[in-house]
Each structure stands twice: as structure tokens, then as C-alpha cells.
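What follows is one structure encoded as C-alpha cells, with my remarks underneath.
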Amino acid sequence: MSDQATGAQDGFAARYGRRPDGVWSAPGRVNLIGEHTDYNHGFVLPFAIDRRTVAAVGVRDDRVVRVRSTFTEEEVSLAIDDLSPTAMEGWSAYVLGVAWALGTQGHDLSQAPGLDLLIDSRVPVGAGLSSSAAIECAVAVALNDLWELNLSPLDLARIGRIAENRAVGAPTGLLDQAASMLGREDHGVFLDCDTEQAEAVALHLREEGLEILVMDSRVEHEHATGGYRDRRESCERGAAALAVATLRELSEDDLTRASAVLDDETYRRVRHIVTENARVLETVRTLGESGPRAIGDLLNASHASMRDDFEITVPEIDLACATAVEHGAIGARMTGGGFGGSAIALVPADARAEIEAAVTSALASAGMREPQLFTVTPSEGARRDA
Ligand code: GLA
């Protein structure tokens, strides 16, 4: 069992005065490629990372759910019969929202016992690495076992997304929860967000002497409001004007028509989605045929498209990516929803130290906040630890 799981068992005992019935965990994610394509029913290729959120959970003999965490002293409690998005405040919505979402999907919770939960997270918050999905998925696997729901990992990912959309209020797609539920060591999760079919794609990073360097800009982002929601609306406007149900239905051949029909800004938003979908498919093909050293241009092109067409990057992230590539990274791109958060660089392990030093010094020279740099490895998705 991991240190983190043991720590959560002890932390649970200290707070609730008994041992938990079990410990479950789920990871954060990095998206290798395929940004803002998920809610457009397109393609994504994320992987789960080696930073997890743990939920230690004990069954109660009443119908109350109590939530505590290692990051705040606050305790939130709510009766199962009173679960509703308006009754949830702050971060506890990521936990209670999952329980509520199960009820909205026809699962009979009338006999479900109450629970005590302790959440401990090692997924950095605000870095664009899906700390929220990690909480949702850790809780979802725990409830699936303790409430004997027999749901599949993909069903649990959908439950997590409902919690995020309707309890937390962020209009996001399935990317984060699918990665957190379905991740596998050294594999990406190739997901078709239209059919919701997922496939594990071997990444072969270690064999190739490669690492994924996360470059957290420490610029704050927020997806419930602002730019993320705006971009989603632009995509919907573009699809309506082009008379398709979703942008997934368009291919690069449709772009000439799109440019004639749409205003310049909406056109560029649409072009990002259409070309990004093509890049995800190309990345999956290239990984299979030539391995990870051959995907650098696709990562760089994805970044340029997010910077110039979708306009969701920030100067800190643009500079970090450009500097990483100049100093030997195979490719680099922003990852996640944008407007801050993190970028990733695919780097030869023996060049990492030099790339890190170059990125840190370039941002310092530009008077920008010092980034947080660390590596992540593609890891196993949500599971029971104890
Ligand atoms: C956030 C959302 C995801 C996805 C990405 C952008 O991470 O939660 O659903 O839309 O942004 O690719």
C-alpha cells in the first residue's frame, strides 16, 4: 500500500476515532494532445499521472455523509436525502456532488448507508492537472464499492463529469474523469468523446529515454466562468452556423466553407477544433508506427493552434514552451483548459536539467513568476488501495 493510503487510514482514525472500511484513490491527469475537443464530441489523448487523491471512507449507521480533508479543518455534513447542488458549498461539492449525481442517474440510494470520508490530495491544485477530477473519481470508486453499485469505470467517469458540470458548475467534457478512471502505466487513454469508446495507447516513454516535464505557470485559471465557457459558446455558435450538431462532424475539407460563413474569430475557434481532432488521430497513429520521439511536431502544432486560433494560452506558457523546444525538448504544448495552468514538454531524460534551467531563467528574465517544474509518469487510474 502507498504511504499516502496508510497516512489517510491514520488520518481517518485520528479524526473519526475508528478505522476506515477502505481506502480508494484516483490520479490527476495530463492531456498529451486534444484540447477543448472533448465537449465538441472529438478526440483526446490524456494520461493519468503519478499524483493521486486518496479517499479513506467508513460506513455509518445513519444516513449522513460527513466530509473532511487534510487540507482544511472544515467539516461538511449533509444527509443523503438532502443532497442537492444548492446545498453544497466550496470544495465539498466535488465529494457530495458525486453522491448526488448517482441519484440523478437512477441509482436507488434509499437504502445507502451514510459515510465518513477523509480526502487527502497530492495533485497540485490550480495547476490544470485535474485535482477536481481526482477527488470525484476517488469518491466515485469508493461509493461504487460501499454502495454496491457495480458501475463500470467509464460509467463512474460519467458520474464524475455530472458532478463537475451540475454540482460544481463547470461546463467541462469527459476528458479529465476518463483519464483518471481509465489510466494505465505507460499508456495514454485515447477517447472518442462521441462514441465514448476508449483505448489504451502505449507511450513507451521510459524505453525511449523520455520524460514528461510539467511546467506549471502558477497563473490562476477558473473554468466555471470566463474564457472556458466563452470558448465553448463559440464552438456551439460555429456548429450552428455550419448546420452540424457538433464540430466533430467537420473535417479539414470543410474549412474553406467555414471561412466563408463565419466571422474571423469564430472561424479560428472552429479551425482549432477541426485541426486538433486531426492531430490527435495523427498522434495515435505516429505513436504506433514510429514511437514517441516522432510526435514533437504534432505537440508544437497543437500549441500554436491554441495560442493563435483558440487563444487560450498565456505569455508565461508560450515562453516556457518555446524555451523548452529551443533547448532540446522534442515538443511542448499547453495542457488542460487554458488561461494559465500548466504546459508539458516531452524531453530526453538526459536533457531535462538543462531544459529546466533554461525555462526558469527565460521566465525570470521576462519578469514572470517562477514556474514550478516537475516530471510526471503515465500511471494507473482509480483503484481500491486497502
Ligand atoms: C478542462 C476540462 C476538460 C477539457 C479541457 C480542455 O480540463 O475539464 O473537460 O475540456 O479543459 O481540453
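Okay, here's what the table says:
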read-out	value
Any hit, region 210-217, residues being within 24 Å of Ala99 (Cα to Cα) and either within 14 Å of the ligand (Cβ to nearest atom) or assigned to a strand (DSSP E or B) (or both)	no
Residue in region 54-63 that is outside the structural domain of Ser342 (by TED's automatic domain parsing), within 16 Å of the ligand (Cβ to nearest atom), closer than 20 Å to Ser92 by Cα and crowded, with 20+ Cβ neighbours inside 10 Å present	no
Among (1) over 30 Å from Arg248 (Cβ atoms); (2) within 16 Å of the ligand (Cβ to nearest atom); (3) surrounded by 20 or more Cβ atoms within 10 Å (Cβ to Cβ), the one test that Ser131 misses	(1)
Qualifying residue in region 215-227 (condition: buried (at least 22 other Cβ atoms within 10 Å of the Cβ) and hydrophobic (A, V, I, L, M, F, W, C))	yes
Every residue from region 11-53 that is away from the ligand (no atom under 16 Å from the Cβ) and among the basic types (Lys, Arg)	Arg15, Arg18, Arg19, Arg52
Any chance Ala202 is more than 15 Å from the chain's Cα centre (by Cα) and either at pLDDT 95 or above or within 14 Å of the ligand (Cβ to nearest atom) (or both)	yes
Tally of residues being assigned to a loop (DSSP other than H, G, I, E, B), surrounded by fewer than 19 Cβ atoms within 10 Å (Cβ to Cβ) and of a type in the set (Gly, Ala, Ser) across region 304-358	1
Residues of region 362-373 classified as surrounded by fewer than 16 Cβ atoms within 10 Å (Cβ to Cβ) and either of a type outside the set (D, E, K, R) or under 30 Å from Asn150 (Cα atoms) (or both), total	5
Residue count for region 154-198, restricted to those that are aliphatic (A, V, I, L, M), more than 14 Å from the ligand (Cβ to nearest atom) and surrounded by fewer than 24 Cβ atoms within 10 Å (Cβ to Cβ)	2
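Quick grid of which residues meet (1) in contact with a Leu (Cβ under 8 Å, 6 or more places away or on another chain); (2) outside any helix (DSSP H, G or I); (3) closer than 19 Å to Thr375 by Cβ:
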position	(1), (2), (3)
Ala5	no, no, no
Phe12	yes, no, no
Arg15	yes, no, no
Val23	no, yes, no
Val30	yes, yes, yes
Phe47	yes, yes, yes
Val57	yes, yes, no
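The values are calculated or read from the model by the stated rules, or taken from the named source; none is laboratory data. None of these values were measured; they are calculated from a predicted model. Every residue, glycine as well, gets a Cβ built from its backbone with ideal geometry; the counts of neighbours run over all protein chains shown.
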